[in-house]
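What follows is a single structure, written as structure tokens, with notes after it.
We did not get these values from a lab; they are worked out from the coordinates using the rules stated. As the structure is a prediction and not an experimental result, all values here were calculated from the model. All Cβ positions, even for glycine, are placed from backbone atoms using ideal geometry, and neighbour counts span all protein chains on display.
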Amino acid sequence: MKTLQSGPISIQRIVELERLPFEPGRLYPEADAELLQRNRNWLDDRFIDSSGDKLALNMQSFVIRTSRHNILVDPGNGNSKRRPNNVWQHNLNTPYLHTLAAAGFKTTDIDIVLCTHLHSDHVGWNTMLANGQWVPTFPRATYLFCAEDFDILNRRHQADRSPAGASGAFADSVLPIIDARQAKLIEMDHVIEQDGDDGIWLESAPGHSPGHVVVHVKYGAMHVVLTGDVLHHPVQLTEPGLRVGFDEDPEEALATRRRLLQTYADTNTIILPAHFSGPVAGRIIGWGDHQYRFRWLER
């Protein structure tokens, strides 16, 4: 993905894992056997792994640079995290920080870390292992966590503290930020920067998690929406009713997804989904009755 730029604001992609193969049924439990075939006419091997008939997803972050802040959105899975129930994220050793540095950012350059939600693949690089302890990866940053997600996960953590339980990522990637006093619990309509109609702000987008948000970035004619996990894969544009196995409230997630698709279809708003492969950035195009396509800015 080429850097998106308007005036003093730019957005860069930081890849952690590229084209990770997922069984369709793992992501979409109700997917039928023809799901991939129905979408091959518009999705190539970057999005559907033809060798294994799997969906290809990315794990990636975005850095928003403004005249005031460097904002890291959704810091991935992290290294050395114990995730025995998810082989693809268990004890990773990726060059994520080197990739971040190659994009022009040292860990001390990040002013704000923003998690669209607190699932394990969106909080991992909040912390890193140092002398056997989980410490904040970005020592100067303020970490923004939506209070709704934090409160629910904190209750789960109190009920199940086992490393393989629901609180595993919370314990190693969220609580150390609280302990370091670098966290700020925010509401789902939090404004990060604002200058007239321009700025960076959050919008409530619940369903995948109770406190899930999308991130708006606007400057002049450029409007970008970082959608987090409202969308996981392009097949959801042609089949927006697909239930995602990781959605905590599937009906609410469906309503949020349909609202986003309807709002931005056939507009100039640029969409940045957290897990799309390939060039990632694009626009939503209406395509028949309650269906859509994605028009990438690059091919």
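Could you work out the helix-only [θ] at 222 nm for the chain, with each DSSP H run of four or more residues adding -39,500 (n - 2.57) and the total divided by the number of residues, to the nearest 500 deg cm²/dmol?
Working: 8 runs with 59 residues, N = 299.
That comes out to -5000 deg cm²/dmol.
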(request) Pairs of Cα atoms under 8 Å, at least six residues apart: use those to get the relative contact order of the range 44-96, whole percent. (result) 19
(message) Could you identify which residue out of Leu185, Leu35, Leu254 has the top mean-square fluctuation in a GNM of the chain using Cα springs shorter than 10 Å?
(response) Leu35
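Taking 0.36 nm per residue of separation and subtracting the Cα-Cα distance, what length does fully extending Leu129 through Gln194 add? Don't skip to the answer; put the middle values down first.
Numbers: separation 65, 0.36 × 65 = 23.40 nm, distance 3.53 nm.
Going from the current span to full extension adds 19.9 nm.
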(message) Under 8 Å for C-alpha pairs, at least 6 residues apart: give me the relative contact order for the chain, rounded to a whole percent.
(response) 16
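Using a ≥ b ≥ c from the Cα gyration tensor of the range 51-96 (square roots of the eigenvalues), is it rounded, prolate or oblate, where a/c under 1.5 gives rounded and otherwise the larger of a/b and b/c decides, a/b for prolate? Working shown, then result.
Values: a/c = 3.49, a/b = 1.69, b/c = 2.06.
Taking the square roots of the gyration eigenvalues as a ≥ b ≥ c, the range 51-96 is oblate.
Once you order the gyration tensor axes a ≥ b ≥ c over the Cα atoms, which shape class does the range 57-207 get: rounded for a/c under 1.5, otherwise prolate or oblate by comparing a/b with b/c? Intermediate values should be presented prior to the final figure.
Details: a/c = 1.75, a/b = 1.25, b/c = 1.40.
In terms of gyration-tensor shape, oblate.
So between Glu187 and Asp109, what do we pick up on full extension, going 0.36 nm a residue minus the alpha carbon distance? Present the calculation step by step, with values, prior to reporting the outcome.
On the way: separation 78, 0.36 × 78 = 28.08 nm, distance 2.51 nm.
Extending this stretch completely gives an extra 25.6 nm.
How many lysine pairs are close in the chain, with Cα atoms under 22 Å apart and the two 8 or more places apart or on different chains?
Values: Lys2/Lys106; Lys2/Lys218; Lys81/Lys106; Lys106/Lys184.
Within the chain, the lysine pair count is 4.
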(request) Would you calculate the separation in nanometres between label points at Asn41 and Ala102, each defined as 7 Å from the Cα along the Cα-to-beta-carbon direction? (result) 3.8
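Can you give the longest stretch of the chain with no exposed loop site, where a site means GluC sites (Glu not before Pro) in a DSSP loop (not H, G, I, E or B) with at most 13 other C-beta atoms within 10 Å?
Values: sites that count: Glu30, Glu34, Glu187, Glu298.
Segment 35-186 is the longest.
Nearest-5 percent of antiparallel DSSP beta bridges in the chain?
Working: 44 of 58 bridges.
The antiparallel fraction comes to roughly 75 percent.
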(request) Under 14 Å from the Cβ of Arg40, count the other residues' Cβ atoms, weight Lys and Arg +1, Asp and Glu -1, and hand me the total. (result) -2
